[in-house]
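Before any comments, here is the structure.
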Amino acid sequence: MKIYTRTGDDGTTGIIGGARLSKADLLIEVIGEVDELNAALGLARTSVLSDTARTLLPRLQDLLFQVAAMLADPKGVCGMTIGEESVAWMEGEMDCLTAELPELRNFVLPGGSAAAAQLHFSRTVCRRAERRLTQLTLDHDVAPVLLHLINRLSDLLFTLARYENKVSGTDEILWSAK
């Protein structure tokens, strides 16, 4: 099977259900942001040290594929759904990680170990996806759980970056107003 179809050469792309949209459509932009976030997590996976991150990241990537599928299927043809239990799962993972970290009293400068820096970068990609998804909700019906999930994911990525610094023995650089 060939990877190319030439059907997008006119600046359109297909979504689930057969509709074709401009590649400049906000829905396609949001799906692209989610895809970019997934790729950023794939890059982070190449550097993480902890078993926790090695376990979490593929599961998060799978969730992002589900998010993209739900977005690409506005009529619900495929029946893909994500429940609030996925958000609760992320909150539980965050709580476990946070319990092992020093209390946060300052902003943390993004960086530290290579893995933490990639997770911080992934967090910023996640925030951008969240902003675009929020914009999409102004004119489209979007399942509220998708906003909850993307918002919580950025928090989890921040926490996971801090955890990776701890595991690698890398000190966090705290920001303080001068």
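Which pairs do you get when a residue that is farther than 26 Å from GLY76 by Cβ and without any contact (Cβ under 8 Å) to a residue 60 or more places away in the chain, found in the range 1-16, comes within reach of a residue that is among the hydrophobic types (A, V, I, L, M, F, W, C) and in a loop (DSSP other than H, G, I, E, B), reach meaning Cβ atoms under 8 angstrom, with the pair 6+ apart or on two chains?
Partner pairs satisfying both residue conditions: GLY11/ALA24.
Taking ARG20 as meeting all but one of (1) touching a residue at least 40 places away in the same chain (Cβ under 8 Å); (2) more than 17 Å from the chain's Cα centre (by Cα); (3) farther than 23 Å from SER168 by Cα, write down the number of the exception.
Just one mismatch for ARG20, condition (1).
Could you list, in sequence order, all residues of the range 61-79 that are outside any helix (DSSP H, G or I) and on the phi < 0 side of the Ramachandran plot?
Listed by number, the residues that qualify are ALA72, ASP73, PRO74, LYS75, VAL77, CYS78.
Answer yes or no as to whether ALA68 is crowded, with 16+ Cβ neighbours inside 10 Å and in contact (Cβ under 8 Å) with a residue 40 or more places away in the chain. Write out each step before concluding.
Details: crowded, with 16+ Cβ neighbours inside 10 Å: yes; in contact (Cβ under 8 Å) with a residue 40 or more places away in the chain: no.
Against the criterion (crowded, with 16+ Cβ neighbours inside 10 Å and in contact (Cβ under 8 Å) with a residue 40 or more places away in the chain), ALA68 does not qualify.
Which residue, of ILE82, ILE16, is of a type in the set (Val, Ile, Thr) and touching a Leu at 6+ places or on another chain (Cβ under 8 Å)? Talk me through it step by step, then tell me what you get.
Numbers: ILE16 fails: touching a Leu at 6+ places or on another chain (Cβ under 8 Å).
Going through ILE82, ILE16 in turn, just one is of a type in the set (Val, Ile, Thr) and touching a Leu at 6+ places or on another chain (Cβ under 8 Å): ILE82.
Of all residues in the range 37-60, which are part of a helix (DSSP H, G or I) and buried (at least 16 other Cβ atoms within 10 Å of the Cβ)?
LEU37, ASN38, ALA40, LEU41, ALA44, ARG45, THR52, ALA53, LEU56, LEU57, LEU60
Since every read-out is calculated from the coordinates, none of them should be taken as a lab result. Since the structure is predicted, the reported quantities are computational estimates derived from the model, not experimental observations. Glycine gets a Cβ as well: all are built from the backbone with ideal geometry, and neighbour counts include every protein chain shown.
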